[in-house]
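The next block holds one structure in the form of structure tokens; read it before the comments.
We did not get these values from a lab; they are worked out from the coordinates using the rules stated. Worth saying up front: this structure is predicted, and the values here are computed from it rather than measured. As a convention, Cβ positions derive from the backbone with ideal geometry for all residues, glycine included, and neighbour counts pool all protein chains shown.
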Amino acid sequence: MPVGVVIVAGGRGTRLGAGVPKQLLDLGGRSLLRWSVEAFDAHAQVDEIVVVLPEDFVARGASLVGPARRPLAFVAGGARRQDSVRLGVSALSAAADIVLVHDAARPFVDAATIDRVIAAAREASAAVPAVPASDTVKLAADGQPRVARTIPRGDVWLAQTPQGFRRDVLDEAIAGGHGAGEATDEAMLVEQAGRPVRIVRGDPRNRKITTMDDLEAARRMTSSLPRAGTGYDLHRLVPGRTLVLAGVVLSTEIGPASHSDGDVVCHALVDAILGAAGAGDIGHHFPNTDPRWKDAAGLDLLARAISVVRARGLAVVNADVTVVLERPKLAPHVDAIREALAPVLGVAPDRVSVKGKTNEGVDAVGRGEAIASHAVAMLAAEGGA
Ligand code: MG
């Protein structure tokens with residue numbers, strides 16, 4: 001049973017203002033619509049996607065949404081939601097006999113919810129994901145601000161999308177609702193056609209973006225997603241210099257031939273941290289042509305890199321460093337290096353990993369002529385880590 005998805009993005013969304021339809025507003029560098037398209041495009045059980053847009057946006061659909069791996073088509077919406085859905089369904093290939101209908105205003109739909117909806121639609125012909133109500137629900141009297149009665153909360157489910165249907169069941173329900181008023185979801189039309197609709201577990205994060213407050217909350221949520229960066233550094237080793245990593249002395253007989261302290265651990269970490277923030281690299285922030293940085297200690301540069309990313313609201317979640325060194329042995333110094341890095345990175349020592357490797361005698365590092373280091377750092381919004 002091939003699965004077709006109809007993403008409803010036909011609304012004008014004037015409530016959010018800005019003259020741009022809500023579904024095309026930016027959320028973390030992508031439109032709301034793009035988030036939904038990506039979620040379904042990445043799902044293994046989805047075979048094709050149709051996006052229903054306002055008529056004047058259809059021609060620009062592909063450029064607004066960007067590339068997809070699955071077949072992706074754009075059609076113009078109708079007057080009411082059910083008209084838009086009907087036009088979307090009719091643009092699916094004849095093979096699609098399970099249809100999911102999704103609101104573009106729900107960018108955070110997850111794969112597990114999609115799984116549950118597809119499975120239930122196959123089994124029960126119609127399925128809606130929903131979350132239990134956590135507030136007590138009052139029914140008002142005749143549209144007046146007066147409580148008629150309290151609805152038992154255990155019976156109340158808040159419906160989400162995607163809603164899933166056997167295609168013939170959805171077609172029949174939409175045709176049955178032809179003369180009716182606007183349906184706010186497709187399950188409602190199926191209910192009105194007298195057919196059962198199964199409830200499956202939704203996801204509280206799969207919420208609908210309706211107001212500017214919703215959008216701001218969603219933007220805060222996406223900016224708190226973790227960001228990874230990588231760094232690499234290498235210095236030549238020569239006799240008669242001191243080898244210092246994160247302030248820890250490893251040797252006074254052999255060390256980096258460098259104007260700076262040649263601390264490959266700190267330098268690789270600086271690049272990883274700046275990289276995760278999209279904030280350039282060590283050479284950009286601390287050029288060695290600038291006398292201020294020429295002899296700067298690695299830990300000082302690291303502290304400055306931290307203040308660069310902190311100014312962008314980011315903090316380190318964890319960091320992992322591999323040092324490639326033939327001699328002296330790194331192992332006896334690993335704990336001291338972690339203890340030295342942790343307070344500068346602003347994390348507990350168990351969030352800093354330092355590992356040693358040799359290069360098996362291969363190349364300059366393997367011959368002991370150089371020391372190299374690789375680092376990965378994870379950042380997240382400060383307070384969210
Ligand atoms: Mg360096």
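Working out 0.36 nm times the residue gap between Ala311 and Glu182, then minus their Cα-Cα distance, what length gain in nm do you get to one decimal? Show your work: numbers first, answer last.
Details: separation 129, 0.36 × 129 = 46.44 nm, distance 4.83 nm.
Roughly 41.6 nm would be gained on extension.
So for segment 3-223, what are the equivalent ellipsoid semi-axes in whole Å, largest first, each being the square root of 5 times an eigenvalue of the Cα gyration tensor?
After scaling each eigenvalue by five and taking roots: 26, 22, 18 Å.
Set Lys and Arg Cβ to +1 and Asp and Glu Cβ to -1, take the dipole of segment 226-381 about its Cα centre, and tell me which of Tyr232, Ala380, Pro291 lies farthest positive.
Ala380
Specify whether the C-alpha gyration tensor of segment 226-381 places it in the rounded, prolate or oblate class, a ≥ b ≥ c being the square roots of the eigenvalues: rounded for a/c under 1.5, otherwise prolate if a/b is larger than b/c and oblate if not.
Details: a/c = 1.83, a/b = 1.43, b/c = 1.28.
The shape class here is prolate.
Between Asp142 and Ala217, what length in nm is gained on full extension when 0.36 nm per residue of separation is reduced by their alpha carbon distance?
23.7 nm
Please work out the Cα center distance from segment 339-361 to segment 237-311, rounded to the nearest Å.
When both Cα centres are located, 14 Å separates them.
Show that you can apply the helix-only estimate: for the chain, add -39,500 (n - 2.57) for every DSSP H stretch of four or more residues, divide by all residues, and state [θ] at 222 nm to the nearest 500.
-8500 deg cm²/dmol
What are the trypsin sites (Lys or Arg not before Pro) within segment 34-115 that DSSP puts in a loop, where the Cβ has at most 13 other Cβ atoms within 10 Å?
Arg69
Filter the cross-link list Lys22/Lys208; Lys329/Lys355; Lys22/Lys138 down to pairs whose alpha-carbon distance in this structure exceeds 21 Å. Please report the intermediate quantities before stating the final value.
Details: Lys22/Lys208 11 Å; Lys329/Lys355 11 Å; Lys22/Lys138 30 Å.
Beyond 21 Å between Cα atoms: Lys22/Lys138.
Measuring from the lowest to the highest alpha carbon on each principal axis, how far does segment 279-324 reach, largest first, in angstroms?
32, 31, 16
Return a whole-number percent for the relative contact order of segment 1-112, with Cα pairs under 8 Å and 6 or more residues apart as the contact set.
Rounded, it is 40 percent for segment 1-112.
Give me the net charge of Arg70's neighbourhood, meaning all other residues with Cβ under 9 Å from the Cβ of Arg70; Lys, Arg count +1, Asp, Glu -1.
Summing Lys and Arg as +1 and Asp and Glu as -1 gives -2.
Roughly how many Å is it from the Cα centre of segment 94-122 to that of segment 168-220, as a whole number?
So the separation of the two Cα centres works out to 12 Å.
Report the GluC sites (Glu not before Pro) located in segment 158-253 that are in a DSSP loop and have at most 15 other Cβ atoms inside 10 Å of their Cβ, or state none.
Of the GluC sites (Glu not before Pro), the ones in loops of segment 158-253 whose Cβ has at most 15 other Cβ atoms within 10 Å are Glu182, Glu253.
Give the calculated FRET efficiency between Ala257 and Thr230 to the nearest 0.05, with a Förster radius of 41 Å applied to their Cβ-Cβ distance.
0.95
Quick check for you: which residues of segment 280-316 have the amide N under 14 Å from the point 7 Å beyond the Cα of Glu382 toward its beta carbon?
The answer is 304-316.
With r as the distance between the Cβ atoms of Lys357 and Asp203 and R0 = 35 Å, compute the FRET efficiency 1/(1 + (r/R0)^6) and round to 0.05.
0.25
If you bin the C-alpha pair distances of the chain every 20 Å from 0, what whole percents do you get?
Cα pair-distance distribution for the chain, in percent: 24, 36, 27, 12, 1.
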